[in-house]
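Novice: The structure is given below, and queries will be raised subsequently.
The values are calculated or read from the model by the stated rules, or taken from the named source; none is laboratory data. Just so you know, these numbers come straight off a predicted model, no measurement behind them. Don't worry about glycine lacking a Cβ; one is built from the backbone with ideal geometry, like all the others, and counts go over all protein chains shown.
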Amino acid sequence: MQNITEKLSLKEKIGYSVGDTASNLFFQTFMLFLLYFYTDVFGLPAATVGTLFLITRIWDAFNDPIMGTIADRTNTRWGKFRPYILIFALPFGIMGVLTFTTPDFDATGKLIYAFITYNLLMMMYTAVNVPYSALMGVITSNSMERTELSTFRFVAAFFGGIIVQASTISLVKYFGNGNEAVGWQWAMGTLAGLAFILFSITFLTTKERVHPPKEQKNVLRQDLKDLFSNKPWLLIAGATIFQLLLIVIRNSSIMYYFKYYVQDQQLNLFGYPIDLSFEALASSFMLSGTIVTILGAILTKWFAKKFDKKKYICRFSNS
């Protein structure tokens, strides 16, 4: 493996990070609104949607490592991972729009349509995001540069979340003009168009600098054996599963909570009544948590320098 220690430019750090903004325009929409869309707009029973999500997640468990294996064995003039970001960005956006489209079908037709579009959407998501995540490891081998790049990335990801939380419901109302089905289709089209532009910026502004030796050959069976014998990876994977379960359950219930429990409210501010819809209250609730989380992500580099392992080991050895 090459030892590349050059510092990354601000342009490349921002260019890489906006790819996570693009990803979260979709991911946050899935988490916050897809269940609500399927039940209250598309017209599927909640139990049916739950089964649909379960089947898709089981397939994802196989689909993700397959995509990683394919990308890792790809060699082009643009690198291993960057081409997939550009190639699948447009199909990803198209599937996002189709998933949030309500066809004039009967119940069975809608279920089949939802199953096909949602599974294809998640496959496109994997095709873009697995290579995108792997790209950070080959941009530079400098650990501190990767830490800073990670900070840029996660701040950008949260910014994508803010865009979704602050604008999606307003876009649905604007484009739908009373027709939620039309509103969701056009709102997702707007987010998909922005995501495509951001993914293109990531492709154009990044460069893969770290390459494995040409004589190195990866055997899939050995790769899988190494992966599942890696205890730290297994622990992190397990913790991630439970974390995502919490996030998905919490976020998917927000729209229902405000629509059916909190409902529309009237706030009396200095004697002036202000009408607040449940949608505005839900957006405010989502935004408040995200803003605080961004502050934590910004401080990541400071904590990495403050508590650097090597520095403290050297101090302990010399004392």
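Novice: Would you check which residues across the range 77-105 are of a type in the set (D, E, K, R) and crowded, with 16+ Cβ neighbours inside 10 Å and list them?
Specialist: Step one: list which residues in the range 77-105 are of a type in the set (D, E, K, R), which gives 77, 80, 82, 104.
Correct list: K80, R82.
Novice: Here is a follow-up. Check F42, F62 and return the single one that is among the aromatic types (F, W, Y) and crowded, with 22+ Cβ neighbours inside 10 Å. It would help to see each step written out before you state the result.
Specialist: Working: F62 fails: crowded, with 22+ Cβ neighbours inside 10 Å.
Result of the check over F42, F62: F42.
Novice: Starting from the range 30-44, keep only residues that are closer than 15 Å to L98 by Cα and small (G, A, S), then list their pairs with residues that are surrounded by fewer than 20 Cβ atoms within 10 Å (Cβ to Cβ) and at pLDDT 90 or above whose Cβ atoms are within a distance under 9 Å, requiring at least 6 positions of separation or different chains.
Specialist: none
Novice: Based on this model, can you work out whether L149 counts as within 30 Å of G183 (Cβ to Cβ), within 18 Å of the chain's Cα centre (by Cα) and surrounded by 17 or more Cβ atoms within 10 Å (Cβ to Cβ)? Outline the logic, then answer.
Specialist: Numbers: within 30 Å of G183 (Cβ to Cβ): no; within 18 Å of the chain's Cα centre (by Cα): yes; surrounded by 17 or more Cβ atoms within 10 Å (Cβ to Cβ): yes.
The answer is no for L149.
Novice: Which residue out of F105, F88, F92, F81 is more than 23 Å from the chain's Cα centre (by Cα) and among the hydrophobic types (A, V, I, L, M, F, W, C)? Reasoning before the result, please.
Specialist: Details: F88 fails: more than 23 Å from the chain's Cα centre (by Cα); F92 fails: more than 23 Å from the chain's Cα centre (by Cα); F81 fails: more than 23 Å from the chain's Cα centre (by Cα).
Exactly one residue qualifies, and that residue is F105.
Novice: Could you list all residues from the range 286-303 that are assigned to a helix (DSSP H, G or I) and within 19 Å of M144 (Cα to Cα)?
Specialist: Looking only at the range 286-303, we keep the residues that are assigned to a helix (DSSP H, G or I), and these are 286-298, 300-303.
Correct list: G296, A297, I298, T300, K301, W302, F303.
Matching residues to (1) among the aliphatic types (A, V, I, L, M); (2) at pLDDT below 95; (3) out of contact with any Asp or Glu (no Cβ under 6 Å at 6 or more places or on another chain); (4) farther than 28 Å from L32 by Cβ:
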position: F62; (1), (2), (3), (4): no, yes, yes, no
position: T69; (1), (2), (3), (4): no, yes, yes, yes
position: T74; (1), (2), (3), (4): no, yes, yes, yes
position: R82; (1), (2), (3), (4): no, yes, yes, yes
position: V97; (1), (2), (3), (4): yes, no, yes, no
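Novice: Another question, if that's okay. Evaluate the following for V49: is it assigned to a helix (DSSP H, G or I), at pLDDT 95 or above and buried (at least 18 other Cβ atoms within 10 Å of the Cβ)?
Specialist: Details: assigned to a helix (DSSP H, G or I): yes; at pLDDT 95 or above: no; buried (at least 18 other Cβ atoms within 10 Å of the Cβ): yes.
So V49 does not fit the description; no.
Novice: Can I ask one more? Taking the residues in the range 232-285 that are more than 28 Å from V49 (Cβ to Cβ) and part of a helix (DSSP H, G or I) as candidates, determine which candidate is nearest to the chain's Cα centre (by Cα).
Specialist: I236
Novice: Please state which of the following conditions I112 fails to meet, knowing it meets all the rest: (1) modelled with pLDDT of 85 or more; (2) in contact with a Leu (Cβ under 8 Å, 6 or more places away or on another chain); (3) not polar (S, T, N, Q).
Specialist: The number of the failed condition is (2).
Novice: Can you tell me which condition I294 does not meet? The list is (1) surrounded by 12 or more Cβ atoms within 10 Å (Cβ to Cβ); (2) modelled with pLDDT of 75 or more; (3) among the aliphatic types (A, V, I, L, M), and all the others hold.
Specialist: Of the numbered conditions (1) surrounded by 12 or more Cβ atoms within 10 Å (Cβ to Cβ); (2) modelled with pLDDT of 75 or more; (3) among the aliphatic types (A, V, I, L, M), the odd one out for I294 is (2).
Novice: Oh, and also: What pairs can you find where one residue is in the range 106-135 and surrounded by 18 or more Cβ atoms within 10 Å (Cβ to Cβ), the other is basic (K, R), and their Cβ atoms are less than 8 Å apart, with a gap of 6+ or different chains?
Specialist: P131/K80; P131/R82; L135/R82
Novice: For L8, are the conditions met, namely being of a type in the set (A, V, I, L, M, F, W, C), over 22 Å from the mean Cα position of the chain (by Cα) and at pLDDT below 90? Give the derivation first.
Specialist: Details: of a type in the set (A, V, I, L, M, F, W, C): yes; over 22 Å from the mean Cα position of the chain (by Cα): yes; at pLDDT below 90: yes.
Taking the combined requirement at face value, the residue satisfies it.
Novice: Taking the condition of being in a helix (DSSP H, G or I) and charged (D, E, K, R), how many residues in the range 97-126 meet it? Break it down into steps so the answer makes sense when it comes.
Specialist: As a first pass, look at the range 97-126 and keep what is in a helix (DSSP H, G or I): 97-99, 107-126.
Narrowing further to those that are charged (D, E, K, R): 110.
Of the residues in that region, 1 qualify.
Novice: What about K80, is it touching a Leu at 6+ places or on another chain (Cβ under 7 Å), over 21 Å from L25 (Cβ atoms) and not polar (S, T, N, Q)? Spell out how you get there, then give the answer.
Specialist: On the way: touching a Leu at 6+ places or on another chain (Cβ under 7 Å): no; over 21 Å from L25 (Cβ atoms): yes; not polar (S, T, N, Q): yes.
For K80, the condition - touching a Leu at 6+ places or on another chain (Cβ under 7 Å), over 21 Å from L25 (Cβ atoms) and not polar (S, T, N, Q) - is not met.
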